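The values are calculated or read from the model by the stated rules, or taken from the named source; none is laboratory data. Remember, it's a predicted structure, so these values are computed and weren't measured experimentally. Heads up, the Cβs are rebuilt from the backbone with ideal geometry, glycines too, and the neighbour counts pull from every protein chain shown.
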Amino acid sequence: MRALVERSADPSMGYQVAGVLSDRLQAAGLKVAADLGIPATALVPDDAVPRAHYEAALATAIDEFTPSLIALAGFMRILSAPFVARYAGRILNIHPSLLPNYPGLDTHRRVLEAHEAEHGATVHFVTEELDGGPPIIQGRIHVGPEDDAGSLEARVHVLEHRIYPLAVHWYCTGRLRYSAGRAWLDGKALSGPVHYDGTEVH
């Protein structure tokens with residue numbers, strides 16, 4: 001989230017962060033956003049309240065900002081199909097793995113346990129399938145013998161901070177769209193994610 005806000009200061013990025021919403025009262029991102037001058041609010045779910053009621057309140061809070069795009073960053077609640085449908089094609093997420101490999105949690109540990117040679121992060125459109133929406137861009141790193149879950153997490157974070165603002169830039173400047181269940185970049189359907197090697201995209 002900090003990377004998205006900081007990169008928005010560059011006029012060439014073509015977007016502004018209107019507000020930050022969190023499902024956790026103590027989320028570090030709330031203070032970060034406030035310190036950066038971004039309106040920030042926590043909407044904490046109540047287990048006694050039906051999920052649909054929470055999502056209705058969340059949608060109301062989102063709609064107050066009238067956003068062109070919703071960028072999930074550390075938002076760990078699974079969104080329902082009706083909620084996703086309400087904002088179809090306007091929600092992005094970043095996931096710390098090379099999707100479709102390793103959806104869900106604990107990706108760094110799982111990659112190490114599987115002795116994978118590569119790891120990374122994927123920006124994708126959000127659909128009702130968990131971490132299953134069409135991928136847009138991936139950053140990759142080599143997994144070395146010295147790596148542990150902590151070192152992989154730190155290195156993947158560096159990639160995330162580079163590729164997520166780029167995907168948001170593409171969307172907000174009209175280059176990226178979602179249609180017919182696919183991601184489209186510059187008017188062409190992506191057959192797979194764009195690859196980022198640390199300096200440029202391919």
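Candidates are the residues of region 1-20 that are of a type in the set (Gly, Ala, Ser) and in a loop (DSSP other than H, G, I, E, B); the one that is surrounded by the fewest Cβ atoms within 10 Å (Cβ to Cβ) is 9.
Within region 27-68, the residues that satisfy the criterion of being closer than 14 Å to residue 83 by Cα and crowded, with 16+ Cβ neighbours inside 10 Å are 54, 55, 58, 62. Of the residues in region 57-65, at least one is in contact with a strand residue (DSSP E or B) (Cβ under 9 Å, 6 or more places away or on another chain) and without any contact (Cβ under 8 Å) to a residue 40 or more places away in the chain.
State which residue is surrounded by the fewest Cβ atoms within 10 Å (Cβ to Cβ) when the search covers only region 105-125 and only residues that are touching a strand residue (DSSP E or B) at 6+ places or on another chain (Cβ under 9 Å) and among the small types (Gly, Ala, Ser).
Here is the first cut: in region 105-125, the residues touching a strand residue (DSSP E or B) at 6+ places or on another chain (Cβ under 9 Å) are 107-108, 111-112, 117-125.
From the residues that got through so far, the ones that are among the small types (Gly, Ala, Ser) too are 117, 120-121.
Details: 117: 9, 120: 27, 121: 27.
It comes out as 117.
If the condition is being in a strand (DSSP E or B) and either farther than 18 Å from residue 91 by Cβ or not hydroxyl-bearing (Ser, Thr, Tyr) (or both), then region 136-178 contributes 136, 137, 138, 139, 140, 141, 142, 176, 177. Among the conditions (1) surrounded by fewer than 21 Cβ atoms within 10 Å (Cβ to Cβ); (2) modelled with pLDDT of 95 or more, residue 78 misses just one, which is (2). Tell me, please, whether a residue that is within 28 Å of residue 58 (Cα to Cα) and acidic (Asp, Glu) can be found in region 99-108. Yes. Would region 184-191 turn up any residue that is touching a helix residue (DSSP H, G or I) at 6+ places or on another chain (Cβ under 9 Å), part of a strand (DSSP E or B) and surrounded by 14 or more Cβ atoms within 10 Å (Cβ to Cβ)? Checked region 184-191: at least one residue is touching a helix residue (DSSP H, G or I) at 6+ places or on another chain (Cβ under 9 Å), part of a strand (DSSP E or B) and surrounded by 14 or more Cβ atoms within 10 Å (Cβ to Cβ).
Among the residues of region 23-39, not a single one is touching a helix residue (DSSP H, G or I) at 6+ places or on another chain (Cβ under 8 Å) and free of Cβ contacts under 8 Å to residues at least 12 places away in the same chain.
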